[in-house]
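The values are calculated or read from the model by the stated rules, or taken from the named source; none is laboratory data. None of these values were measured; they are calculated from a predicted model. Heads up, the Cβs are rebuilt from the backbone with ideal geometry, glycines too, and the neighbour counts pull from every protein chain shown. Heads up: the accessible areas ignore ligands, DNA and RNA and are worked out on the full protein's heavy atoms, side chains in. Shrake-Rupley method; radii C 1.70, N 1.55, O 1.52, S 1.80 Å.
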Amino acid sequence: MIHISDLKANIGETPILKGLSLDIEPGTVHAIMGPNAAGKSTLSKVVAGHEDYDVKSGDITLNGESIMELSAEERAQKGIFMSFQYPVAIPGISTAYFVRTAVNAVRTANGEEEMDAVTFLKTARERMKWVGMDKALLNRPLNVGFSGGEKKRNEIFQLAMLEPQFAILDETDSGLDIDALRTVADGVNKMRDPKRSFLVITHYQRLLDYLKPDVVHVLVDGRIVYTGGFELVHTLEEHGYGWAEEQIKNGEPVCPPGAEA
Amino acid sequence: MSDWRATFVANQETFVGGAHALAWREDALAAFEDAGMPRPKAHAWKHTPLKALKTAFNAAPVAYSGTTPRIEGAVNIVLVGGVVDPSQSDALPEGVTVTSLQANLSMGAPALPTDAPATLNAPFDTLNKAFVNGGTVVTVAKNSTIEAPIVLVHVGGATGHAVHVQNHIRLERSAKATIVELWAMDGLANALTTTDTADNAELHHIVLQNNGPEALFLADHRHVLGRNARVFGTSVALGSLLARVGVHTRLNGEGAECDLSGVYLGHGSQHHDHTLRMEHKAPNCTSNQRFRGILGGKSRGVFSSLLVVTETGVKADGTQDNRNVLLSETARANSEPMLEIYTDDVKAAHGSAIGKLDDEALFYMRARGIDASTARRMLTGGIAREIIADIADEAIRTHAETLVEAWLLESVA
């Protein structure tokens, strides 16, 4: 579904992604874990089409078609979704107006009919329940005065409304308490589908315990240095990333503690 | 003989009030001539070019054949070239009287409220007095709450011609009303509005300025508030090539409150100027100002506001907040909140900003599939809606939103 090959990207003159490759099959959940400044958020923004990042080389394809020349909105219309680490607050635009405009922009771009106001409200209320989001927030200006948890629930609510093919969750767990984490994870699990895949970016094991990723990648210094199964989450939680950084520095093959080289 | 005098002499036969009124008109014209046009560096006009007003505007009345805008759900009083047209106007609810100013002019110069503050648009106030040919006197009886908004719809005028009007609004004790000025004129509209809000009364004064693209608009607003009186003023400025709104407010009674807000949207070569003076003269008064500029093309926005707390204005609480978004490299904004305080024990806060649309907000919207120009329109519309949301009356708010939406579609790509 999503294929990333040898992606190199800079912010200004500073290289952040240094040849990153990744394959994500339909219906799977992948996780990327890594130390601060490894390039996790850069990867999500480059995939979503943020213009501040300078892509030097490499390719990203969705269902075999390169998305590199597409604008952020065209990528979203093709079914790529990013849940923001820091959702933006916009005074003067209600959550309902924003989400409905987004849903209809995606529908129109795909030749579908717009969702009418009544259907929208009904669907929105139902899906807000999935993520435990207060329906009063629909009429409030987008993310203005929302708590950290409400903002993240709002991200997953939008994911549920937009029904993307591929969703990146960029540190969706940050700022969530345990109960909220569980509700948000339940919301994501409801969205799992054989045709939809997820890339979950996080520092912590807890969200991944709920989401049970099929594949776990370790991202260090702009590259995927190791890929394993769900068990890798616990290794990383226990040992951190220092071993990987050390092995790379010494020019050794990357191999987590306790794993066969 | 000045150009203005020439058109005065040529048209004085047509002036309302006839010969009785000529003496005070003459005096006003002489005062205008004495003052002369403001020098380019004059403080009150330093950001606002007056080139377009250098030559006199014809005072002869012009015929009107346009379509008059109306606001559904409101009481519309239509003034054509400043003159009330009863045939286009709605019936008034009980408790309000609207009389044509013309009826008063033969009895003397229009009376301003006692304690009304001075003009901020000098010397054009004298020009207004010399040529005044219409307007209204609106009175809301004491203890009356008028639910339906009263809209003074100003239409008519023509390029090269001037209309000078005065609207004098008085709310008697404990009255409550919404009075709207809807402007859809051409040529020069030179307008004085006084409001006199008596003790305990509450006035909502909304100005929707949607004049023609070549129009010039000089609005001279003067508010005076009694004890515990409340005035909520909102200015939505869309039209005119040059629009100056000078708002001088005097908080004259203890415990008075005045909230002024506004949004000005500029494109092409438009110039929007809001010049304010908020005077805390009585103790325990509150004032808030919240203005937003959305400026594209080569347009320019000016917010120049002086908050004055006099020696008697103790325990004043005042805020001034102005933010501007520039949509193009060539748009400009001046933002000048100023304070002048002559007593202790005052709370005053001000904020001012000039910037461009938030790139992160744009990216957020685009990442949800909303195309860039729709996103820009939504963001700028959001800024305008923050102000329009202050309009309490739904019919007026909806009308303001419709005007802004149309502007955005035309102006934000």
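Determine the shape class of chain B: with a ≥ b ≥ c the square roots of the Cα gyration tensor eigenvalues, call it rounded for a/c under 1.5, and otherwise prolate if a/b is greater than b/c, oblate otherwise. It is rounded, given that a/c, with a ≥ b ≥ c, falls under 1.5. Remark: relative contact order (the range A:101-243) = 18 percent; criterion is Cα-Cα distance under 8 angstrom and separation of 6 or more residues. Counted by Cβ distance under 11 Å from B:LEU357, the other residues give a net charge of 0, where Lys and Arg count +1 and Asp and Glu count -1.
When the Cα positions of A:PHE157, A:ASN139, A:LEU169 are compared along the charge dipole of the range A:120-195, A:ASN139 comes out farthest toward the positive end, with charges on each C-beta of Lys, Arg, Asp and Glu.
The alpha-carbon atoms of the range B:257-413, seen along their principal axes, cover 55, 35, 28 angstrom, with the largest extent given first. Using the Stokes-Einstein relation with a Kirkwood hydrodynamic radius computed over Cα pairs, the translational diffusion coefficient of the range A:131-261 at 25 °C and a viscosity of 0.890 mPa s comes to 150 µm²/s. Within 10 Å of the Cβ of each residue in A:90-98, the mean number of Cβ atoms contributed by other protein chains is 6. What's the total accessible area buried between chains B and A, using a 1.4 Å probe, rounded to the nearest 100 Å²? Answer for the B-A pair: about 2100 Å² buried. What a 1.4 Å probe finds exposed on chain B is 51% carbon and sulfur by accessible area, rounded to a whole percent. Helix A:95-109 and the long axis of chain A differ in direction by around 80°, with both axes built from C-alpha atoms.
Mean per-residue shielding of peptide A:69-76 is 5, counting Cβ atoms of other chains within 10 Å of each Cβ. For A:LYS129, the shell of other residues with beta-carbons less than 13 Å away shows a net charge of +3, using +1 for Lys and Arg and -1 for Asp and Glu.
Between the helical axis of A:178-190 and the longest alpha-carbon principal axis of chain A there is an angle of about 80 degrees.
Calculate the length of the line joining the C-alpha centroid of the range B:186-255 to that of the range A:150-228, in whole Å. Centre-to-centre (Cα) distance: 53 Å. Among A:ALA76, A:ALA96, A:ALA48, the largest mean-square fluctuation in a Gaussian network model of chain A, built with springs joining Cα atoms closer than 10 Å, belongs to A:ALA96. Mind checking the range B:306-413 for chymotrypsin sites (Phe, Trp or Tyr not before Pro) that DSSP puts in a loop (not H, G, I, E or B) and that have at most 10 other Cβ atoms within 10 Å? The qualifying sites: there are none. Each residue was assigned an accessible area with a 1.4 Å probe, and for A:ILE201 the value is about 0 Å². Share of carbon and sulfur in the accessible area of the range A:77-202 stands at 49%, probe radius 1.4 Å. Per residue, the accessible area of the range A:51-99 comes to 43 Å² when a 1.4 Å probe rolls over the protein heavy atoms.
Of the residues B:GLY17, B:GLY266, B:GLY108, the one that moves most in a GNM of chain B with alpha-carbon contacts below 10 Å is B:GLY108.
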